[in-house]
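These notes are about the structure you will find just below.
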Amino acid sequence: MRITPEKLERYQRDGFLVMENFVDRESCDRLRARAEELVRDFDPRGIVSIFSTREQNRLSDDYFLESGDKVRFFFEEDAFLSDGSLKRRKEYSINKIGHALHDLDPVFSEFSRTPDIQQLVAALDIEHPLLLQSMYIFKQPRIGGEVTCHQDSTFLYSEPQDIAGLWFALEDANIDNGCLWVMPGGHTLGLKSRWLRAAEGGMKFEVFDSSPWPEARLIPLEVTKGSLILLNGLLPHKSRANRSSKSRQAYTLHVISARCTYPESNWLKRSPMMPLRGF
């Protein structure tokens, strides 16, 4: 699916682009079925790693910080009772799977390396593109947590800042079940903060601009199954909590240029035995 010059100009102007019917429904269903298999085979005993964008420092444990070259499972904040047990079955409690599905699972690798995706990334002029990370996001019915307004480059910092996010809707996404909200043109505001490994251990934010996000500028992106939302790494975006009875499953990829410097202080790291790969 070729990106036209007009669409490319729109992406550069707005910092995002919606491409409907980018993926066929059968490919979406195949990825969803594989995610279900992975969760079914996952043994959660002894693992209570919770994903949260509100409390990154407190909830970022070693299980999370060492997941850059692994396939690991993270729970919703509202998945647990006060005694630490799950409120519901694990398949209805997982927030996401990350962060190397695209390299370690053959079904996800095939989905992530189609000619259409390669052509799209080539049109963005990302030199020598590498697939940096992947996430399967469930946005569970009724407990799917809010993802606060952020820029991907805060967490996936590079010099220069040349990262693109590919967000694939595996189900219809709407306001009720927690679709993405984006800030058109917000990628021109500059990077507000960076999340990095602290010298003393753990993680911290380096803040460049402490002013609040102008969230009144956010608009919802309601898309149908099979759509792709392309996101500039500097674009502010968020998603609200899902309190509906329907999930909002999605798959995301982040692509970086091999010519960029990717600092050692970034949270997402890989073993030297598993370097980043391209297409």
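Looking across the stretch 83-114 at every residue that is at pLDDT 95 or above, over 15 Å from the mean Cα position of the chain (by Cα) and in a helix (DSSP H, G or I), the one that is surrounded by the fewest Cβ atoms within 10 Å (Cβ to Cβ) is identified as P106.
Of all residues in the stretch 159-201, those satisfying the criterion of being in contact with a helix residue (DSSP H, G or I) (Cβ under 7 Å, 6 or more places away or on another chain) and surrounded by fewer than 16 Cβ atoms within 10 Å (Cβ to Cβ) are P184, G185.
So, in the stretch 1-29, how many residues would count as being among the hydroxyl-bearing types (S, T, Y) and in contact (Cβ under 8 Å) with a residue 40 or more places away in the chain? Working first, answer last.
Looking only at the stretch 1-29, we keep the residues that are among the hydroxyl-bearing types (S, T, Y), and these are 4, 11, 27.
Next cut, in contact (Cβ under 8 Å) with a residue 40 or more places away in the chain only: 11, 27.
Residues flagged as among the hydroxyl-bearing types (S, T, Y) and in contact (Cβ under 8 Å) with a residue 40 or more places away in the chain within the stretch 1-29 amount to 2.
Could you go through the stretch 54-66 and let me know if any residue there is surrounded by 15 or more Cβ atoms within 10 Å (Cβ to Cβ) and modelled with pLDDT of 95 or more. No, the stretch 54-66 contains no residue that is surrounded by 15 or more Cβ atoms within 10 Å (Cβ to Cβ) and modelled with pLDDT of 95 or more.
Could you tell me whether any residue of the stretch 238-260 is in a loop (DSSP other than H, G, I, E, B), more than 20 Å from the chain's Cα centre (by Cα) and at positive phi? The answer is no; no qualifying residue exists.
Look at the stretch 190-235 and say how many of its residues are assigned to a loop (DSSP other than H, G, I, E, B) and among the charged types (D, E, K, R). I'd like the intermediate steps shown before the answer.
Applying the first criterion (assigned to a loop (DSSP other than H, G, I, E, B)) to the stretch 190-235 yields 190-192, 198-202, 208-214, 218, 222, 224-227, 233-235.
Checking the rest, the ones that are also among the charged types (D, E, K, R) come to 192, 200, 209, 222, 225.
Selection size over the stretch 190-235: 5.
The values are calculated or read from the model by the stated rules, or taken from the named source; none is laboratory data. None of these values were measured; they are calculated from a predicted model. All Cβ positions, glycine included, derive from the backbone under ideal geometry; neighbour counts span all protein chains shown.
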